[in-house]
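Read the structure below first, then the notes.
What follows draws every value from the coordinates through simple rules; no lab data is involved. Quick caveat, the model's predicted, so the values are computed rather than measured. With ideal geometry, Cβ positions are generated from the backbone for all residues, glycine too; neighbour counts draw on all protein chains shown.
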There are 2 protein chains.
Amino acid sequence: MTFSDLAKQLNVSTATVSRALSRPETVAPATRERVLEVVRRSGYQMNAIARSLRTQSTRTIGIIVSDIRNPFFSAIVKAVEDVARTNGYSVLICNADEDGRNEEVALQLLIERQVSGLIHCSAGANLNLLRILQKKSIPLVDLDRQSGLENVDTVVLDNQLGAALATRHLVDLGHKRVAIISGPKHLSNARTRLDGFRKTLRSAHIISQKKYTEFGDFREQSGRDAAERLLALPTPPSAIFVANNEMMAGALFAIRQRRIKVPRDLSLVGFDDARWAQYSDPPLTVVSQPTEAMGKKAAELLLGRLQGEKLANTIVFEPQLVVRRSTAPPKRK
Amino acid sequence: MTFSDLAKQLNVSTATVSRALSRPETVAPATRERVLEVVRRSGYQMNAIARSLRTQSTRTIGIIVSDIRNPFFSAIVKAVEDVARTNGYSVLICNADEDGRNEEVALQLLIERQVSGLIHCSAGANLNLLRILQKKSIPLVDLDRQSGLENVDTVVLDNQLGAALATRHLVDLGHKRVAIISGPKHLSNARTRLDGFRKTLRSAHIISQKKYTEFGDFREQSGRDAAERLLALPTPPSAIFVANNEMMAGALFAIRQRRIKVPRDLSLVGFDDARWAQYSDPPLTVVSQPTEAMGKKAAELLLGRLQGEKLANTIVFEPQLVVRRSTAPPKRK
DNA sequence: TTGTAAGCGTTATCAA
DNA sequence: TTGATAACGCTTACAA
């Protein structure tokens, strides 16, 4: 059923039907009622595709996440979908699985589908593709990870501070052999965390040793592998800072396999307070970030842009250290 | 940039451009190359909205989940997105948050956006809206929860068996005071689990007592409340079967607050093996379900339908009991 | 206040 | 093999 069917039935023009539905105040009360009544009775459903083509607006926001199974990103998606839906927008979701090629495909797709805006929280995207967005003046917000584009709204955590909080805590407990399982070098958030870690050690006059610096890819398996290597060292670290929750899950696996007691033999600080961190054995000390708030903010910035806001904003959220029971002073030798 | 711009530049008609891109074999090799070359150089991006309007096909699949933060659903979404993307489909995601009204809004939205098909894993939807889908012959697959519609593809777990496995395990350990924290009565999966629980108790000649049957809404808070009530009983249960992972998280919270020792004072079996279940203290005994496989299957059934498959399939997956350390024989009095 | 008609960017039919 | 043109279902000048 289309407007023209309805129009025939009502003996009015399609324009009137359209107006009655989209801008009711521009239609005489009597006709308006007549139209709306028939629309209700017939169960007519607007064709949003046709409308989008005509208005050049899909009211759809795209989101690319790097790993939808990571609770950090589910929380983001939830928040984004929430503000989208309540503002009459829909969400096209793409999962890059921490893989740059998937991300390119996704980006391509979203551009073709004419999304009104994009929330981007994924890997080292193809900058050229992202620039296409800008050329088409499709607003973009970088979330959690910075693409490096100019004049882009950005929502991030103060990762440097987060890492510093974690490291400081370890240092204050008396740890000297402090290791890090960092994220991949091409991601801004990983780099900043590593940076905060190093600076804090330096300011405590501890030399951050190369053998205590491992790199993963933010996924579980890599955390496990990195932990294995660390634990196999002749003098293994007495504390590890793991730079995201997925790698922490992997690290825990390795640690349990070796029957290492946390925190007696090894202190552990994680990044991002996934729910399981508090249920874990022992409950994990972590740097927590306000995930839902970040997602919400990102969506709001995007909507703001779509409503004409000119300037790009950068919002920095504050991490918090949540001390639980995976950290303790090091064993004396 | 549009076909007509390209056409002008190339001195061909828009029809030729369209053909060169969509059905290259229908165009003379020479012109084809010429067209493709210009398309590449100009960085032209197809407008999928216009195409959708003309072809009456959006190649978009909608998914309504009841709680995206629940790892069960993130796994589903991941799997669905995966097979969608590799088949040239996009995914419009809606999060109902276990709320029927949100679900209606979402459904409305997805219909207007002309999704090619819908994967439905949410609450007791409005059957009338779902019927609209059928009238428009938009294929629908029920995942995890059955809507009650006829001739609909369905992917479910054998919930009855799952609950039986869990209950049997408890009974075999010698528990007589076995409680359940069930999901809401209006959800098919909740009902079936409760059913399996009751039948198993009966077959073990244990009367399932009303005071040991609590209902939640599959969300964390309700699990916590239900556990509180159970634990406040004059003779509390010696074992609880919690019918989903979110409510388990809540229950755990209540249990820890009361400093009840699991499994010494209380045995616990959960439903769905979220990752945290194995990291929990103690690691949780759970009924596990092959979540990703279920999501994948659902997407495949949907694509099958879109490719012309006539008959509705029902696929039933098998749960497995994973025994960890939250269950033990009851304390002797 | 309403109607007419053009137009959004594709695809598909038909003719050349 | 290619081109002219209608059509998909809406919105919006502009005219009546």
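Please compute, for peptide B:160-169, the average count of beta-carbon atoms on other protein chains lying within 10 Å of each residue's beta-carbon. Provide the component values of the computation, followed by the final result.
Values: counts 0, 0, 0, 0, 0, 0, 0, 0, 0, 0.
Mean number of neighbouring Cβ atoms from other chains: 0.
For residue B:90, which sequence-distant residues (separation of 5 or more, or a different chain) have an amide H within less than 5 Å of its own amide H, given hydrogens modelled in the peptide plane?
Those lying under 5 Å, H to H, from residue B:90 are B:60, B:61.
Can you give the net charge of the other residues whose Cβ lies under 10 Å from the Cβ of residue B:314, counting K and R as +1 and D and E as -1? Let's see the in-between values first.
Details: positive: none; negative: B:142, B:153.
Taking every Cβ under 10 Å from that of residue B:314, the sum is -2.
If we hang a label 7 Å off Cα along the beta carbon direction at residue B:195, how far is it from the matching labels on the other copies, in nm, shortest first?
Distances between equivalent label points, in nm: 5.9.
Suppose R0 equals 45 Å. What FRET efficiency, 1/(1 + (r/R0)^6) with r the Cβ-Cβ distance, do residue A:126 and residue B:261 give to the nearest 0.05? All intermediate terms of the calculation are to be shown ahead of the outcome.
Numbers: r = 54 Å, r/R0 = 1.20.
So the FRET efficiency works out to roughly 0.25.
Run the Debye formula on the Cα coordinates of the protein assembly as shown, all scatterers equal and no solvent, and tell me log10 I(q)/I(0) at q = 0.07, 0.11 1/Å.
Those come out to -0.53, -1.18, one per q.
Of all alpha-carbon pairs in region B:159-289, indicate the percentage at a distance above 19 angstrom.
On the way: 3414 of 8515 pairs.
Of the Cα pairs, 40 percent sit more than 19 Å apart.
Roughly speaking, what is the stretch gain from residue B:40 to residue B:137, that is 0.36 nm per residue apart minus the C-alpha to C-alpha distance, in nm to one decimal? Intermediate results must be reported in sequence, preceding the final value.
Values: separation 97, 0.36 × 97 = 34.92 nm, distance 3.74 nm.
Stretched out fully, the residue B:40 to residue B:137 stretch lengthens by 31.2 nm.
Is there a simple number for the mean count of other chain Cβ atoms within 10 Å of the Cβ of residues in B:241-250, and what is it? If you can, show how the numbers build up before the last one.
Values: counts 0, 0, 0, 0, 0, 1, 0, 1, 4, 0.
That works out to 1 on average.
For a quick protection proxy, order the peptides B:14-23, A:214-223, B:114-123 by their average other-Cβ count within 10 Å, most packed first.
Details: B:14-23: 16.9, A:214-223: 21.9, B:114-123: 25.2.
So the peptides B:14-23, A:214-223, B:114-123, ranked by packing, come out B:114-123, A:214-223, B:14-23.
Label points 7 Å out from Cα along the Cβ direction at residue A:313 and residue B:25: separation in nm?
Modelled inter-label distance: 5.3 nm.
I'd like to know which of B:154, B:235, B:29 lies farthest towards the positive end of the charge dipole of the protein assembly as shown, counting +1 on Cβ of Lys and Arg and -1 on Cβ of Asp and Glu.
Farthest towards the positive pole: B:235.
May I ask for the distance between the Cα centers of region B:136-200 and region B:246-279, given as a whole number of Å?
Cα centroid of region B:136-200 versus Cα centroid of region B:246-279: 20 Å apart.
How far is residue B:308 from the same spot in each other copy, in nm, shortest first, if each label point sits 7 Å from Cα toward Cβ?
Label point to label point, same position, other copies: 5.2 nm.
State, to one decimal in nm, how far the label point of residue B:221 lies from the label point of residue A:325, with both points 7 Å from Cα in the Cβ direction.
Roughly 2.8 nm, to one decimal.
With a 10 Å radius around each residue's Cβ, average the other Cβ atoms per peptide and rank A:47-59, A:24-36, B:84-96, B:242-254, highest first. Before the final figure, lay out the partial values.
Working: A:47-59: 17.0, A:24-36: 13.8, B:84-96: 21.2, B:242-254: 25.9.
My ranking of the peptides, most packed first, is B:242-254, B:84-96, A:47-59, A:24-36.
How far, in nm to one decimal, is residue A:105 from itself in the other copies if the label point is set 7 angstrom along Cα toward Cβ? Shortest first, please.
3.2
What dipole magnitude, in Debye to the nearest 20, does the protein assembly as shown give about its Cα centre under +1 on Lys/Arg Cβ and -1 on Asp/Glu Cβ? Could the numbers behind the result be given before it?
On the way: 96 positive and 68 negative charges, 269 e Å.
I would put it at about 1300 debye.
Against the longest alpha carbon principal axis of chain B, how many degrees, from 0 to 90 and to the nearest 10, is the axis of helix B:100-112 turned?
Roughly 20 degrees, rounded to the nearest 10.
Please report the spacing between the Cα centers of region A:204-241 and region A:1-80 in Å, no decimals.
If you average the Cα positions of each part, the centres end up 54 Å apart.
Counting each DSSP H run of 4 or more residues in chain B as -39500 (n - 2.57), what helix-only mean residue ellipticity at 222 nm follows after dividing by all residues, to the nearest 500 deg cm²/dmol?
Details: 13 runs with 153 residues, N = 333.
Roughly -14000 deg cm²/dmol at 222 nm, from the helical runs in chain B.
Given a cut-off of under 8 Å on Cα pairs at least six residues apart, what relative contact order in percent is computed for chain A? The partial results should precede the final answer.
Numbers: 617 pairs, mean separation 55.9, N = 333.
Rounded, it is 17 percent for chain A.
Which entries of B:185/B:297; A:78/A:210; B:78/B:310; A:176/A:261 show an alpha-carbon separation above 29 angstrom in the structure shown? Could you put the intermediate results ahead of the total?
Numbers: B:185/B:297 26 Å; A:78/A:210 39 Å; B:78/B:310 27 Å; A:176/A:261 18 Å.
Over 29 Å Cα-Cα: A:78/A:210.
Give me the one-decimal nm value for the distance between modelled label points at residue A:173 and residue A:105, 7 Å along each residue's Cα-to-Cβ direction.
With each label placed 7 Å out from Cα toward Cβ, I get 4.2 nm.
State the antiparallel share, in %, of DSSP beta bridges confined to the protein assembly as shown, rounding to the nearest 5.
Details: 10 of 78 bridges.
The antiparallel fraction comes to roughly 15 percent.
Quick one: divide the alpha-carbon radius of gyration of chain A by 2.2 N^0.38 Å and tell me what you get. Could the numbers behind the result be given before it?
Details: Rg = 25.4 Å, N = 333, 2.2 N^0.38 = 20.0 Å.
Working it through for chain A, the quotient is 1.27.
Just the number, please: percent antiparallel of the DSSP beta bridges in chain A, rounded to the nearest 5. Could the numbers behind the result be given before it?
Numbers: 3 of 37 bridges.
Counting DSSP beta bridges with both partners in chain A, the antiparallel share is about 10 percent.
How much FRET efficiency would the formula 1/(1 + (r/R0)^6) give for residue B:5 and residue A:33, where r is the Cβ-Cβ distance and R0 is 45 Å, rounded to 0.05?
Details: r = 45 Å, r/R0 = 1.00.
The calculated FRET efficiency here is 0.50.
Working from Cα positions, state the angle (0 to 90°, nearest 10) between the long axis of helix A:220-231 and the longest principal axis of chain A.
Around 10 degrees separate the two axes.
For a paramagnetic label modelled at 7 Å from the Cα of residue B:204 toward its Cβ, which residues of region B:140-182 fall within the zone defined by backbone nitrogen distances under 19 Å?
Backbone N within reach: B:159-182.
Inside 10 Å of the C-beta atoms of B:54-60, what's the mean count of C-beta atoms belonging to other chains?
Average per residue, whole number: 2.
Helix A:159-172 versus the longest principal axis of chain A: what angle, 0 to 90°, nearest 10, using Cα atoms?
So the inclination is approximately 30 degrees.
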